[in-house]
Amino acid sequence: MNNEEEIRQEAICRYLQGEPPAPICEELNRSKPWLFKWLNRYYSGGDTWYRGKSRAPKKVANKTDEKLEQLVVAVRKKLEQTKYAQIGTLAIAWELKKLGLEEIPKPWTVNRILSRHNLTKKKESYERSGKPYPEEVSIFQVNYRRRIF
């Protein structure tokens, strides 16, 4: 049990023993609405009334349709099989438009879909060739190349 849960239980225990709310809140450095919130949870009758509840949303409001997501994945896989084809978000949008889709998803939505399905590829890192660039050339060679004497 964590410290916050113990504080909640202590506050309710003290309140039920008849102590006024003001001193309880003052000593625990909490507000009266906080005390009465946990008192209501206590009276609700649950065994785990002192535990916090998740505040995360229960439903995602703007989730991408499953059919559209599968279509984007299928188009990407088709493009990957084609030699020399571009496989980015704009190429996928172009293919979706050719298929007659009315609402084409935004590029960032397509990127999120591809990331969820592990279809993104990291760019290969650049490796130097070992030659200094620009290559060090003597003044004589420069003049010789320009044919200036």
Those residues of region 104-131 which are open to solvent by 100 Å² or more (accessible area, probe 1.4 Å) and either modelled with pLDDT under 90 or touching a Phe, Trp or Tyr at 6+ places or on another chain (Cβ under 6 Å) (or both) amount to Lys121, Lys122, Lys123, Glu124, Tyr126, Glu127, Arg128, Ser129, Lys131
Could you please find all residues in region 49-68 being among the aromatic types (Phe, Trp, Tyr) and under 24 Å from Leu101 (Cα atoms)? none
Checking Gly52 against (1) open to solvent by 100 Å² or more (accessible area, probe 1.4 Å); (2) small (Gly, Ala, Ser); (3) touching a residue at least 40 places away in the same chain (Cβ under 8 Å), which test does it fail? (1)
In region 12-32, which residues are touching a residue at least 12 places away in the same chain (Cβ under 8 Å) and either among the charged types (D, E, K, R) or on the phi > 0 side of the Ramachandran plot (or both)? Arg30
Report, by residue number, each residue of region 1-36 that is part of a helix (DSSP H, G or I), closer than 12 Å to Arg51 by Cα and not acidic (Asp, Glu). Asn3, Ile7, Arg8, Gln9
Can you tell me which residues in region 35-49 are open to solvent by less than 60 Å² (accessible area, probe 1.4 Å) and in contact with a helix residue (DSSP H, G or I) (Cβ under 7 Å, 6 or more places away or on another chain)? Leu35, Trp38, Leu39, Trp49
Residues located in region 43-65, provided they are over 25 Å from Tyr15 (Cβ atoms) and more than 16 Å from the chain's Cα centre (by Cα): Ser54, Lys58, Lys59, Asp65
Looking at region 20-34 only, could you name the residues that are in contact with a Cys (Cβ under 9 Å, 6 or more places away or on another chain), open to solvent by less than 70 Å² (accessible area, probe 1.4 Å) and not hydroxyl-bearing (Ser, Thr, Tyr)? Trp34
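The values are calculated or read from the model by the stated rules, or taken from the named source; none is laboratory data. Note that the coordinates shown come from a computational prediction; the quantities given were computed from them, not determined experimentally. Counting neighbours? That spans all protein chains shown, and the Cβs are built from the backbone with ideal geometry, glycine included. The protein model used for the area step is the full one, side chains on, heavy atoms only, and it has no ligands, DNA or RNA in it. Shrake-Rupley method; radii C 1.70, N 1.55, O 1.52, S 1.80 Å.
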